[in-house]
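Chemist: This is the structure I want to talk about, given as structure tokens.
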Amino acid sequence: MKVERKQSVVLVPFLLQGHLTPMLQLGSILRSQGFSVIVAHTQHNTPNYSNHPEFIFHSMDDGLKGIDMSLPSVKSIYRMNESCKAPLRNYLVRMMEQEQEQEQEQDVQGDQLTCIIYDNNMFFVDDVATQLRIPSIVLHTFSAACMNSMVTIFQQPEKYFPFEDSQLLDPLPELHPLRFKDVPIPAFNNTVAEHILDFFRAMSDIGSSVATIWNTMQDLESSMLLRLQEHYKVPFFPIGPLHKMAPLASSTSILEEDNSCIEWLDRQAPNSVLYVSLGSLVRIDDKELIETAWGLANSDQPFLWVIRPGSVSGFQCPEVLPDGFEKMVGERGRIVKWAPQKQVLAHPAVAGFFTHCGWNSTLESILEEVPLICRPFVADQPVTARYLSQIYKVGFELEVIERTVIEKTVRKLMLSEEGKDVKKRVVDMKQNIVAAMQIDGTSHKNLNDLVDFISALPS
Ligand code: UDP
């Protein structure tokens, strides 16, 4: 007699905040659909277990002891991929042995391992899953536009690298609205090293995985998703925005959130505050910090500014803030080390978001109808900034980091007619995304299809 057991999925998130969060959100969705969820995570940036009693956690020795991962190098990511192989394989083998014992004893208590879902930066999982004949699925935590641009560039890198300074603003062949300066693969001195290309290829390669999940919406990125699906030739499940699709209520933050800024926001007028945050990884130099500080001060608009410890190269903030800045802004400005961002963006006082255009921040902002000032740095951020400013037209891109330009851009977003148009478009964009989440919407349907797909996987 076949023993019917609950199906379990093993999730393998990448250790950075912007990757861990969407994976836990996906876990919470799958849990609500009846799967049991195991999170196999690195020791570095271990999630807070007590915030997620619904998951089983398994910690893997990641080989990163003593390595500074505040800005992970390609070498350290490869090292982590290598180190995690044996711990994951051993854990899965143990699980499979237990399952066999339970099956022999006709025990219906245990779960049945159905598949592994892994972040595309954890590419070692493909090898482990293939060896053990466990189906695997890749989660992409950034936009299809970004992945499409990478895949296009890999096909003929010589068309894109090296480029001249004089080409920085020229359009990238076949990748409208991107320019050479927006390439999503880090280019130093306008060229890209072969090992960097190889790394980005590795994380774009889905190996023998049987499907891909995307934190995006089919309606928003249909052409890009179609092109990618032709490339990957496996089922695609765009089920975003994960932060709204997930029933997960508890915090996924690695850093401690300073909730006092919500009380400060409560004291501000509706629709008056600019929220400023560059995410969990970006580092700026002191010159940029000073220009931003004066730009914000001179704009005369209230602002809530996240300055993460260590995010200004060589300084511990707030020592680096310019003399006279705090006196000039007084109660009009509030600085915190880390904010409860989703709550901040949902606050009625918040009118705009000065952002690095990380994909989570972007979706969180749009879903709260908050228009953006885009100050991208690397990887997917310049791609997202171009789409936000040139295609969706829900934000202004900051091309020059200079106090007068920052001041003007803040005022344009918060006070001008152009700013009102941008606000209208972000409201429309949010409504379209909300439609995708409704019962007959694409994200909702894709999620149902994903659940059916996982349920039908051979075990
Ligand atoms: N975040 C937060 N508090 C902050 C700044 C960021 O909780 O003060 C969260 C934010 O809500 C988002 C994540 O950190 O979910 C950042 O991810 P994103 O993809 O935007 O950028 P990354 O940090 O990966 O560059």
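Chemist: Could you list, in sequence order, the residues of region 22-60 that are under 22 Å from LYS85 (Cα atoms) and either among the small types (Gly, Ala, Ser) or in a helix (DSSP H, G or I) (or both)?
Modeler: Of the residues in region 22-60, the ones under 22 Å from LYS85 (Cα atoms) are 23-24, 27, 37-47, 55-60.
MET23, LEU24, GLY27, ALA40, SER59, listed by residue number.
Chemist: Output the number of residues of region 339-384 satisfying the condition of being part of a strand (DSSP E or B) and either near the ligand (Cβ under 8 Å from one of its atoms) or modelled with pLDDT under 95 (or both). Steps first, answer last, please.
Modeler: So in region 339-384, the residues part of a strand (DSSP E or B) come out as 350-355, 372-374.
Next, only the ones that are either near the ligand (Cβ under 8 Å from one of its atoms) or modelled with pLDDT under 95 (or both) stay: 355.
Counting residues in region 339-384 that are part of a strand (DSSP E or B) and either near the ligand (Cβ under 8 Å from one of its atoms) or modelled with pLDDT under 95 (or both) gives 1.
Chemist: Continuing with the same structure: So ARG283 passes all but one of these: (1) within 12 Å of the ligand (Cβ to nearest atom); (2) closer than 20 Å to LYS342 by Cβ; (3) of a type outside the set (S, T, N, Q). Which condition number does it fail?
Modeler: (2)
Chemist: Right, here's the next one. Show me the helices (runs of 4 or more DSSP H) entirely contained within region 201-301 in which 2 or more residues are farther than 25 Å from CYS115 by Cα and acidic (Asp, Glu). Please lay out each step first, then the result.
Modeler: Working: elements: 222-232, 242-245, 260-266, 286-299.
Correct list: 260-266, 286-299.
Chemist: From the list ALA456, ALA379, pick out the single residue that is among the aliphatic types (A, V, I, L, M) and on the phi > 0 side of the Ramachandran plot.
Modeler: ALA379
Chemist: Identify, please: which residue in region 406-449 is surrounded by fewer than 16 Cβ atoms within 10 Å (Cβ to Cβ) and of a type in the set (A, V, I, L, M) and is, among those, nearest to ASN298 (Cα to Cα)?
Modeler: LEU415
Chemist: What number of residues in region 301-315 are in contact with a helix residue (DSSP H, G or I) (Cβ under 8 Å, 6 or more places away or on another chain) and either under 17 Å from SER272 (Cβ atoms) or of a type in the set (Ser, Thr, Tyr) (or both)?
Modeler: 6
Chemist: What pairs come up if the first residue lies in region 277-302 and is touching a residue at least 40 places away in the same chain (Cβ under 8 Å) and more than 20 Å from SER70 (Cβ to Cβ), the second is part of a loop (DSSP other than H, G, I, E, B) and among the acidic types (Asp, Glu), and their beta carbons are under 9 Å apart, counting only those six or more places apart or on different chains?
Modeler: GLU291/GLU402; GLY295/GLU402
Chemist: Being at pLDDT 95 or above and either surrounded by fewer than 14 Cβ atoms within 10 Å (Cβ to Cβ) or over 15 Å from VAL234 (Cβ atoms) (or both) is the filter here; which residues of region 450-459 pass it?
Modeler: Residues of region 450-459 that are at pLDDT 95 or above, as a first pass: 450-457.
VAL451, ASP452, SER455, ALA456 - these are the residues of region 450-459 that are at pLDDT 95 or above and either surrounded by fewer than 14 Cβ atoms within 10 Å (Cβ to Cβ) or over 15 Å from VAL234 (Cβ atoms) (or both).
Chemist: Additional query: Is there a residue in region 316-331 that is in contact (Cβ under 8 Å) with a residue 12 or more places away in the chain, within 11 Å of the ligand (Cβ to nearest atom), surrounded by 17 or more Cβ atoms within 10 Å (Cβ to Cβ) and not assigned by the TED database to the domain that holds HIS243?
Modeler: no
Chemist: Something else: Here are the criteria: (1) buried (at least 24 other Cβ atoms within 10 Å of the Cβ); (2) part of a strand (DSSP E or B). Tell me which single one ARG334 does not satisfy.
Modeler: All conditions pass for ARG334, except number (1).
Chemist: Could you check how many residues of region 275-285 are over 15 Å from GLU364 (Cα atoms) and out of contact with any Ser or Thr (no Cβ under 7 Å at 6 or more places or on another chain)?
Modeler: So the first thing to find is which residues in region 275-285 are over 15 Å from GLU364 (Cα atoms), and the list is 281-285.
Imposing the further condition that a residue be out of contact with any Ser or Thr (no Cβ under 7 Å at 6 or more places or on another chain) reduces the set to 281.
Residues flagged as over 15 Å from GLU364 (Cα atoms) and out of contact with any Ser or Thr (no Cβ under 7 Å at 6 or more places or on another chain) within region 275-285 amount to 1.
Chemist: Would you check if there is a residue in region 338-359 being basic (Lys, Arg) and farther than 23 Å from GLN25 by Cβ? First the steps, then the outcome.
Modeler: Initial filter on region 338-359 (basic (Lys, Arg)): 342.
With farther than 23 Å from GLN25 by Cβ added as a condition, the list becomes none.
No, there is no match, as no residue in region 338-359 is basic (Lys, Arg) and farther than 23 Å from GLN25 by Cβ.
Chemist: Restricting to region 107-145, name every residue that is part of a helix (DSSP H, G or I), in contact with a Ser or Thr (Cβ under 7 Å, 6 or more places away or on another chain) and closer than 20 Å to ALA379 by Cβ. Spell out the reasoning first.
Modeler: First, the residues of region 107-145 that are part of a helix (DSSP H, G or I): 124-132, 144-145.
This time we only want the ones that are in contact with a Ser or Thr (Cβ under 7 Å, 6 or more places away or on another chain), so: 125-126, 129-130, 144.
ALA144 - this is the single residue of region 107-145 that is part of a helix (DSSP H, G or I), in contact with a Ser or Thr (Cβ under 7 Å, 6 or more places away or on another chain) and closer than 20 Å to ALA379 by Cβ.
The values are calculated or read from the model by the stated rules, or taken from the named source; none is laboratory data. Quick caveat: nothing in here was measured; it's all calculated off a predicted structure. Heads up, the Cβs are rebuilt from the backbone with ideal geometry, glycines too, and the neighbour counts pull from every protein chain shown.
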